[in-house]
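The values are calculated or read from the model by the stated rules, or taken from the named source; none is laboratory data. In this text, all values refer to a predicted model and were calculated from it rather than measured experimentally. All Cβ positions, glycine included, derive from the backbone under ideal geometry; neighbour counts span all protein chains shown. Side chains included, ligands, DNA and RNA excluded: accessible areas come from the protein's heavy atoms. Shrake-Rupley method; radii C 1.70, N 1.55, O 1.52, S 1.80 Å.
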Amino acid sequence: MAQALTEGTVTSVELTELHLDRIAAVDGAVHAFLHVDRDGALAQAAASDARRAAGETLSPLDGVPIAVKDVLTTEGLPTTCGSKILEGWIPPYDSTVVAKLRAAGLPILGKTNMDEFAMGSSTEHSAYGPTHNPWDLDRIPGGSGGGSAAAVAAFEAPLAIGTDTGGSIRQPGAVTGTVGVKPTYGGVSRYGLVALANSLDQAGPVTRTVLDSALLHDIIAGHDPRDSTSIDQAWPSFTEAARAGASGDMTGVKIGVVTEMAGDGWQDGVIARFQDSLDLLVKAGAEVVEVSCPSFVHALAAYYLILPAEASSNLAKFDAMRYGLRVVPEGDPSAEDVMRASRDAGFGDEVKRRIILGTYALSSGYYDAYYGQAQKVRTLISRDFEAAFASVDVLVSPTAPTTAFKLGEKLDDPLAMYLNDLATIPANLAGVPGISVPSGLADEDGLPAGFQILAPALEDDRLYRVGAALETLLAQEWGAPLLDKAPALEETR
């Protein structure tokens, strides 16, 4: 699309209108968007066309439209985080990621659906209804950023931004046949990203190709003095790394297969596609070795103590006193009564569950036994990564244990839902970057599976080199991109 804009075969206004028309045609069935900003997107597109006519562009993606997960503040547009407690809230400022998108000239199509406050693995916990997987509308699109992944997979947006706290970019990517990247923690600013868990959250690209993710990552990466966790260093060109990897040559690259990320509970078709991908990388010259990361088996338990603890602290600010939903009980209620009623009505079951769990883990007498122990496990996981990366360039595994499950299938079993993040959580606990690349369709159900690549912190370019190589090799095997195999969506208004 950027090339077509450069060649003058299409304008940004035309491109944006085509996507807005596609949203109008199919989003009734997919429900990827919570808010569509038609007027704003077309105005931004017209400005891009005017710049191009004057011989100026702001970035290589100037004029290419994008969708943004509804957890990033956008000045003048609703930001609900998928929650009733923020229904109708319009932020007075842009998050740094959104500001960078605007500065690069990308028209913002709208805000995408998500699990409430990013708590979930299926986008079924949105207060505004679930998003549906474009491959099978009866199945989940992953979560918490299922809206962004579904929008890209359904061709409602060419690019999207997601956030990844425990896999919420990579797991939706795996089950929708899209590419999802979690950058190194601190590599992309968290200013204006409504926090779920400060030490885990990270915004990143959701796209249809590895090169698209690299182009978008180059725009949103960089130091931000308004974010105390932002890394102050220059980043290499991820676009150059992706283009180098697209040759398909893996000579000299050493790949570690994590022993602990397989076994019981992993779908046979997912494992088969993972092995097929691995075999292609070996044929392309990569050396593959098995690597043990023994602390990874404790990652899920540690994560579901650390995340709720941070969430319970972060969500305390939604108190009905300053902004958001306010429910006033009858009679002469106190401020505490109003707060209790508002939080009861405004928060969904999953958010309440995690607030209660996190508050308990931080309570007097239990802090050291639960939260403190979980942080020690986190240190062990980081050490496992350091030991592994001392002998290999990247680590690989399936992105998610299964393909997309049916809507409602795991809603009554939170633990089964949490297991979907089994392979993605360790990267968030250690702050290392990861990418999910489509690895093919599982034999059992014909649904997409994902291949996860993890790199050392600050070495995000390795993700793009290996990911682009795998993408090239798989496309040669398939004869076309995986999304070409997706069933056509019926146009519904």
- request: Have a look at region 163-259 and give its Rg and Dmax from the Cα atoms, expressed in angstrom.
  value: 14.5, 42
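So what is the relative contact order of the chain, in percent, for Cα pairs below 8 Å that sit 6 or more residues apart?
Relative contact order for the chain comes out at 18 percent.
Counting only other residues whose beta carbon sits under 11 Å from that of residue 208, what net charge do I get with K and R as +1, D and E as -1?
On the way: positive: none; negative: 212, 471, 484.
Surrounding charge for residue 208 is -3.
If you place +1 on the Cβ of every Lys and Arg and -1 on the Cβ of every Asp and Glu, how big does the dipole about the Cα centre of the chain come out, in debye to the nearest 20?
With Lys and Arg at +1 and Asp and Glu at -1, about 760 debye.
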- prompt: lysines near residue 283 by alpha-carbon distance under 22 Å, same-chain residues fewer than 8 away left out - which ones?
  reply: 254
- prompt: Among the GluC sites (Glu not before Pro) within region 306-346, which fall in a DSSP loop and have no more than 15 other Cβ atoms within 10 Å of their own Cβ?
  reply: 330
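Students often check this: by mean Cβ neighbours within 10 Å, which of 44-51, 423-430 ranks highest, and how do the rest follow? Mind dumping the intermediate values first?
Working: 44-51: 19.2, 423-430: 28.5.
Highest-to-lowest ranking by the protection proxy: 423-430, 44-51.
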task: Whole Å is fine, so just give me how far the alpha carbon centre of region 148-170 lies from that of region 68-90.
output: 17
statement: On each of the three principal axes the extent of the alpha-carbon atoms of region 92-139, given in whole Å and largest first, is 38, 23, 16
message: Quick check: the distance between the Cα centres of region 354-386 and region 282-325, to the nearest angstrom?
response: 11
statement: Taking only the alpha-carbon atoms of region 333-478, the convex hull volume per residue, in cubic angstrom, is 168
- request: Sequence neighbours fewer than 8 away in the same chain don't count; with that in mind, list the lysines whose C-alpha is under 17 Å from residue 317.
  value: 84, 352
message: How much of the pair distance distribution for region 332-394 lies past 14 Å, counting alpha-carbon pairs only, in percent?
response: 73
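If each DSSP helix of 4+ residues adds -39,500 (n - 2.57) and the sum is divided by the residues in the chain, what number results at 222 nm, nearest 500 deg cm²/dmol? Spell out each step's value before the answer.
Values: 16 runs with 188 residues, N = 493.
Value at 222 nm, helices only: -12000 deg cm²/dmol.
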For the chain, the spread of Cα positions along each principal axis, largest first, Å: 72, 56, 45
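Rounded if a/c is under 1.5, else prolate if a/b beats b/c, else oblate: with a ≥ b ≥ c from the C-alpha gyration tensor eigenvalues square-rooted, which is region 128-219? Provide the component values of the computation, followed by the final result.
Numbers: a/c = 2.12, a/b = 1.34, b/c = 1.58.
Because a/c hits 1.5 or more and a/b fails to exceed b/c, region 128-219 counts as oblate.
Order 111, 84 by their accessible area, 1.4 angstrom probe, all chains in place, largest first.
On the way: 111 0, 84 75 Å².
The ordering from most to least exposed comes out as 84, 111.
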query: Restricting attention to the alpha-carbon atoms of region 365-438, what are Rg (one decimal) and Dmax (integer), both in Å?
result: 15.4, 45
field: Where region 420-493 is the region considered: accessible area per residue in Å², 1.4 Å probe
entry: 36
- request: Sequence neighbours fewer than 8 away in the same chain don't count; with that in mind, list the lysines whose C-alpha is under 16 Å from residue 182.
  value: 69
message: Please give me the summed charge of the neighbours of residue 105: other residues whose Cβ is under 14 Å from its Cβ, Lys and Arg +1, Asp and Glu -1.
response: 0
